[in-house]
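Below: the structure, in structure tokens.
The values are calculated or read from the model by the stated rules, or taken from the named source; none is laboratory data. These figures come from a predicted structure and were not determined experimentally. Positions of Cβ are generated from backbone atoms using ideal geometry, with glycine treated the same way; all protein chains shown enter the neighbour counts. In case anyone asks, the SASA skips ligands and DNA or RNA and just uses the protein heavy atoms, side chains included. Shrake-Rupley method; radii C 1.70, N 1.55, O 1.52, S 1.80 Å.
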Amino acid sequence: MKTVEKIEKTKSVIPKRKRVAAYARVSMESERMQHSLSTQVSYYSSLIQKNPEWEYAGVYADYGISGTGTKKRDDFNRMLADCEAGKIDIILTKSIQRFARNTVDLLNTVRHLKDIGIEVRFEKENINSLSGDGELMMSILASFAQEESRSISENVKWGTIKRFKQGIPNGKFTIFGYEWEDDHLVPIPEEAEIVRWMYSEYMKGASRIEIGRALMERGIYTRQGKPWVDSNVKCILTNITYTGNLLFQKEFCEDPITKHRKKNRGELPQYFVEGTHEAIIPMDEWQAVQEEFKRRRDLGPFGNKSLKLSAFSTKITCGCCGKHYRHSGKRNTAGEVYYIWTCQTKSQKGASACDSKNVPEKMLQKASAEVLGIPEFDEAVFAEQIQEIIVVGKDTLTFRFYDGREITTQWTSTAKTDWWTPERRRLWGEAHKRKDTNPNRNVFYEFTGFIKCGCCGANYRCQSNKLKDGTPTRSWYCTSPRTKCQNPGIRDDTMKRLVTDVLGLDEFDEATMDAQIEHASVLANTVTFHFRDGHTESRDYLDKRRGTPWTPERREKAIASMKDAWTDERKAAMSKRIKEVRREKKWPNP
């Protein structure tokens, strides 16, 4: 018997091509290095595209960027982002030095790429990051690359110091007031005049902040177009270059890997070169400014007259964290400035960092006067005798005298009572009645605080409702109880119509109304508009009234009518009907 064998058709599986990218980098900006980078890019582009098993995913290149860090290497970071997005399977690079000279950065990056299944191949070292001994070899070679960077850095430092000893600066730095002509600094007359003015003003007593503000008022900016602030004014006033001399190695690179720069405070020798260029500031004037710097620094906050200090500044200490207290802010209430003192930690980081008690300045003055035994607070007496006030807990102040004595006293805040006087309460109420002075005016309607009752003088308030068809509507009613005032309400659309009519407008405009009319009063069915120029105009209106309260006679008549209608027969019929409903709904009987 013949048999038939069925042969299934098989599909040939085409292997998926690997997406391959390359990374290239040179650390110096020069024509030769740029050519080297171009050569690397061309080489890798050709290498990847010629391989039939690879799919070209691009070449990433950083020009003139050091390999000791990754933050400033834009293309390197873009490549890593594409790896995260699943666009790359293999990365080719010339050597470990091109990829990273920092051992930590190299291992962290390669390990992360390995975790997401991406292979890195280093051609020079013939290392594959996914191989068994790849990470060991990378660690060893990366350490050599890192030490090579340190060696190069030391060589650069040696050359720099050699130039310093010969009086040669390390490049052409930028400084306000000068420009470079060949290898010499030459004053710029306009900027030099500004520098002289800054030194003069400082010696007259102006603070750095005041100098910066004055320059900004004159429309004068820094060389980079930035505003003058305390820090850059300080750089001008402390830079010895303005005396016609140069001081080398004022700062140094602490670590060639992290590139962290540090101000030289004696760790390394400095090199002073005299008479290198024309001076803008005489040496004696520059030294006088430095002495003034020291004098103000020794005085602390009191050396800066632009700060608004009081007798309590730097004298109030937090008993919780040890920080000084400072002005937390001022409260403007009825024209009076009210100060509160708060711990710096609490002010900067919140109550979770320090839950110390805020102390009103008036309370500090009162407690200080009692401790000093004087009828009222005196700044001179306080400054002469009190060294420090320690705020302990919620209600205790410890006063330390210069003579060594300590006095502890209790205090209770009366700030709210002192502030919330009847007059301020009245002013607060008046301010909140009108939408133009109320802090919550954004949530008010057009006539909030505008309509007043002509009968009792109270404000009208809004009541929102809906018509039978669901249309929203608003009406305005007197805020007094109906038992005291029965003045009628007025619809919102009626009020808008009257305002439009009295102002002669085509349509209602709130801004025009507020500008011309102070308020409107309602009495019976008449609205009187009080204009800001002093004259008044009245308009009559007729709204559907909500009714008048029933008289006692009418109420008694209605009750009697309901009793007459509710006969015994009607009660029995209703009781029978309720029982049937309970049976149908299976409700329990009462």
Mean Cβ neighbour count within 10 Å, used as a protection proxy, ranking 349-359, 402-412 highest first: 349-359, 402-412
Order by protection proxy (mean Cβ within 10 Å, highest first), peptides 114-125, 465-476: 114-125, 465-476
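Sorting check: for 40-48, 19-27, 533-541, 482-490, which peptide has the highest mean count of neighbouring beta carbons within 10 Å, and how do the rest follow?
Taking the mean over residues of other Cβ atoms within 10 Å, the ranking is 19-27, 40-48, 482-490, 533-541.
Using 31 Å as the Cα-Cα cut-off, could you pick out the over-long pairs in K71/K346; K172/K204; K226/K263; K124/K263? If you can, show how the numbers build up before the last one.
Details: K71/K346 35 Å; K172/K204 33 Å; K226/K263 23 Å; K124/K263 40 Å.
Those over the limit are K71/K346; K172/K204; K124/K263.
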Heavy atoms of E553 accessible to a 1.4 Å probe, total area in Å² rounded to 10: 130
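Rule-of-thumb check for the stretch 69-126: C-alpha Rg over 2.2 N^0.38 Å? Walk me through the intermediate numbers first.
Details: Rg = 10.8 Å, N = 58, 2.2 N^0.38 = 10.3 Å.
So the stretch 69-126 has a normalised radius of gyration of 1.05.
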Entries in K234/K362; K234/K323; K50/K94 that, when Cα-Cα distance is taken, lie over 29 Å: K234/K362
Base-10 log of normalised Debye intensity for the stretch 479-576 (one unit scatterer per alpha-carbon) at q = 0.12, 0.14, 0.21 Å⁻¹: -0.58, -0.68, -1.08
